[in-house]
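S.K.: Once you've had a glance at the structure underneath, I'll fire off some questions.
Just so it is clear, none of the values below were taken in a lab; they were calculated from the coordinates. Bear in mind the structure is a predicted one, so any value in this text is a computation, not a measurement. Ideal geometry is used to build each Cβ from the backbone, glycine not excepted, and the neighbour counts take in all protein chains shown.
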Amino acid sequence: MLRRGALITTLLLLLSPLASADIAIITHPDNPVTKLNQKEVQKIFLGRLRMYPESELETQAVDLPAEDPLFLRFYDTIARMNAAKIKRYRAYYLFSGKGRLPLIEPDEKHVMTRVASDPSAIGYVDASLVTDQVRVVFVLK
């Protein structure tokens, strides 16, 4: 049986490829926006940017479930927030009347399908999953 320290080290080694994978922020190919910066992505997913920059098109964020490891990594990287903090932030922002909750898809395959079918949608997936059905507008390292 592995000791606790060895078990933790083994888990970290197994998860390290996941932790180092890039996250692609994706939109529909017909979306007029071709590039976003990290601050714009943060504002979109926190509900603070309702229109794409320099566009007449509303944003529709597409999220993964809060327990998904990519959700946790995305929000930790983009906003330095964990799942509980995101939930509180969204509840406050929604209550204020300013915010709108993202659509939730069960997995990255469904995020890709949703974004590929909706010009206003924006989502995030592991960069290795990106196809020509979507456009990458930002990459989180």
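S.K.: Applying the selection to segment 73-99, what residues are closer than 18 Å to VAL125 by Cβ and not aliphatic (A, V, I, L, M)?
M.R.: Correct list: ARG73, PHE74, TYR75, ASP76, THR77.
S.K.: Would you confirm whether any residue within segment 101-113 is within 16 Å of GLU40 (Cα to Cα) and buried (at least 19 other Cβ atoms within 10 Å of the Cβ)? Give the derivation first.
M.R.: Let us first name the residues in segment 101-113 that are within 16 Å of GLU40 (Cα to Cα), namely 102.
From what is left, the residues that are buried (at least 19 other Cβ atoms within 10 Å of the Cβ) are 102.
Yes, segment 101-113 has at least one match.
S.K.: Which ones in segment 60-78 are of a type outside the set (D, E, K, R), under 16 Å from GLU105 (Cβ atoms) and surrounded by 17 or more Cβ atoms within 10 Å (Cβ to Cβ)?
M.R.: Residues satisfying the conditions are GLN60, ALA61, VAL62, LEU64, LEU70, PHE71, PHE74, TYR75.
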